[in-house]
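S.K.: Before I ask anything, let me first share the structure, which is written out below as structure tokens.
Where a number appears in this text, it was derived from the coordinates with a stated rule and is not lab data. Owing to the predicted nature of the structure, the values given are computational and were not obtained by experimental measurement. Cβ: placed from backbone, ideal geometry, glycine included. Neighbour counts: every protein chain shown.
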Amino acid sequence: MPARTSWIPYALIAPSVIFLGALFLVPLVQTIWLSFSVGDGFSMENYQRMAGDLNFSLAVRNTFLLTLVVVPLQVVLALAMATMVTKLDKGRDLVLWVLTIPLGISDLAAGLAWLALLQNTGYLNSALYALGLIQGPMGWLSQETPWALFFAIVLAELWRATAIVLVILIAGLQLIPKEFSEAAEIFGAKPWTRFTKITLPLLKPSLQSALILRTVLAFEVFAVVYALGGRNFPVLAGEAYVWQNDNQNYGAAAAYAVLIMAISLAATAVYLRILRTRPEQLP
Amino acid sequence: MTHPVPLRAIAATAALFGGLSVAQAQETIFYSTQLRPIEEATKVREVLLKGLPGKTTYVVDEPPAFAVRMKAETQAGKRTASVVGALHGELQPHVSADLQPVDDVAAKLKDRVIPANLMELGKLGTNQQQYIPWMQATYVMVANKQALQYLPAGADVNSLTYAQLQQWGKNIVDKTGQRRLGFPAGPTGLLPRFFQGYFYPSFTGGVVTTFKSADAEAGWNTLKELWAVSNPNSTNYNFMQEPLLAGEVWIAWDHIARVKEALTLQPDQFVAFPAPAGPKGRGYMPVIAGLAIPKDAPNRTGGVAVIEHMTKPETQLATAAEVGFFPVVKADLPPNLAPGIKLLAGAVAATQNARDALVSLLPVGLGAKGGEFNKVYTDTFQRIVLRNEPVRDVLEAQAKVLDALMKDTGAPCWAPDKPSQGACAVQ
């Protein structure tokens, strides 16, 4: 190889490295520093404020609960949808396009759309009332109905963010050679066996990407929760927002931000380890 | 000259940019957290700022963005706004670092007759004038006329007590099966001000010193009963005009700017009246917005001109008529106000002139801790009313937080608490 071209790869990645350095690494270091400083010195005070707050344990519990319920459901749904889409002969593009519409909608807009459905004077209550099932407007999103509120948030999140998993899984499914499945069929493997023994193992790299992406985003969930429940359902990112904007305590807000990052990094590390694919397992 | 055309283009461009920068130097940027909705901002641009010489650009921002921008511009050493308009509490965190004293402007405006207590608030706890009072508002109760038939016997909306309000809400629950009393307890609702300006003064005669008194304990127990007849969606309400207009809430307490739409859209459907009275009087809190000049303002003269213009009696009256904020200067409201604004003006006058009125001032001297001061009250509310924790224990625990906060800032007591030597302490 001629040596004179060796700088080209570096030059090509330089813009993104500079971009990440300026707009990601610098703020990251600043945030970490902000979370550990009070006045001019090093201190854990912000973390103590955060952990001692009345909404902290609730926010941790809610965020994990939401992630543990929403992410597995999304993967199952997306797997079913992706398998269905790949089996389609006609209208495949149209179906895929319709299924991915929620991807194009901002999460706050999605939250507001669900709010319009579920609030006291919303479409759900109107429909139930018209059917004679309720006497007057029912509150679904109040602090006195925590499970209905939780269910509403799960529903909105499923609707909004399953498509991103779907897109990744479809790309993964298309990479699996048809021959494996056909060979198994000749040997008499039933569809379910083919799915669990061939498709799923070969889909592992895509599942890994999808899980990492969705889990990290689930730990950052904010706009949908805020639109539907305000502060009735505290989550980590929401608390960071409240400390920053309402309480004007930037240190405690930074502590929350660092905590969310630590949880996301830990989750990513777990996925990378559990769903590791050795090169010989790749199709 | 081998390239005459490009050179000429460069010269023209330079002249253009030079011209622009001169134009920018003459422009006055008026940066505000108030009158943000597009209709109100348009009124400011097209009506209220009319008659000012030179170009004034009115720019609005949410309060948190305002705070960040003021600090960022100070750090960067590059200021864009020459005059800022914000609430008393929003200006407070910027004292000394981001604002410059305006004693000279205050001296110029002597003839406007702004009440001395308002001017004193404008010093923000320092000995120099930090802002000039711009306009004022307060909080009122608004009720749907459908609710009036359920008023307890002998009760008059203009001299309501908290006990009567509770009975009123209970009557509505008993008769209609719906909890139709509402409070703005949502994420951006102004409930903290209810505690600081209404609930605590009315029940305890103080805000900080009486935080965990026996009177406060009794008050919180009353509030629990009040909450039992309040709409459970209250923790989602930020602006009470929305649930009022939707008919979801029949009786509400909120800032006049946040119920104005209900009153101006349907003046025949609603009544406005003062907040209720407790054992110690009818607590109420005036809200003051002020005009200040940021440090290193690019066009101080232009900024001063805006302040002079906005505090003219005729501009102040136009402000009341157009956007429903009331004058800080001596000026009588015209009789031809819109019906909704007239309702508000009536409720404000009834509040100020009530025999048992008990003025609660805005917190002074808390600096950047204003948000955490609010948090003490909302946390107490969450724990006692929403999570049903024992009143005594919560008050003891939160009093420690409040006491530490007051010591930390060294803020002396403000009315209705008795003046203190040094930091205001919880008793």
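S.K.: Across peptide B:227-237, what mean number of C-beta atoms from other chains lies inside 10 Å of a residue's C-beta?
M.R.: Average neighbour count from other chains, rounded to a whole number: 4.
S.K.: Right, next: Taking N as the number of residues in the protein assembly as shown, what is its Cα Rg relative to 2.2 N^0.38 Å?
M.R.: 1.12
S.K.: Another question, then. Would you mind listing how long the stretch A:24-281 runs along its three principal axes, going by Cα atoms, in whole Å with the largest first?
M.R.: The Cα atoms of the stretch A:24-281 stretch 70, 57, 26 Å along the principal axes, largest first.
S.K.: Select from A:Ala183, A:Asn245, A:Ile212 the residue farthest towards the positive end of the dipole of the stretch A:24-281; place +1 on Cβ of Lys and Arg, -1 on Cβ of Asp and Glu, and compute about the Cα centre.
M.R.: Of A:Ala183, A:Asn245, A:Ile212, it is A:Ala183.
S.K.: Per residue of B:371-378, how many C-beta atoms from partner chains lie within 10 Å of its own C-beta, taken as a mean?
M.R.: Other-chain Cβ atoms within 10 Å of each residue's Cβ, averaged: 4.
S.K.: Follow-up question, since we're still on this one. What 222 nm value per residue comes from the helices of chain B, counting each DSSP H run with n ≥ 4 as -39,500 (n - 2.57) and dividing by all residues, nearest 500 deg cm²/dmol?
M.R.: That comes out to -12500 deg cm²/dmol.
S.K.: Let me ask you something else. Around B:Val60, which amide H atoms from residues at least 5 apart in sequence, or from another chain, sit under 5 Å from its own amide H, with H modelled in the peptide plane?
M.R.: Residues meeting the amide H criterion: B:Ser32.
S.K.: At a 10 Å Cβ-Cβ cut-off, how would you order A:Arg273, B:Arg387, B:Arg193, B:Arg69, fewest neighbours first?
M.R.: A:Arg273, B:Arg387, B:Arg69, B:Arg193
S.K.: What is the mean number of Cβ atoms from other protein chains located within 10 Å of the Cβ atom of each residue in peptide A:142-149, rounded to a whole number?
M.R.: 3
S.K.: Lys and Arg at +1, Asp and Glu at -1: add these up for the other residues within a Cβ distance under 14 Å of B:Asp103 and post the number.
M.R.: +2
S.K.: Okay, moving on. How far apart, in nanometres, would the label points at A:Ser57 and A:Leu128 be if each is projected 7 angstrom from Cα along the Cα-to-Cβ direction?
M.R.: 3.2 nm
S.K.: Lys and Arg at +1, Asp and Glu at -1: add these up for the other residues within a Cβ distance under 11 Å of B:Pro63 and post the number.
M.R.: Surrounding charge for B:Pro63 is -2.
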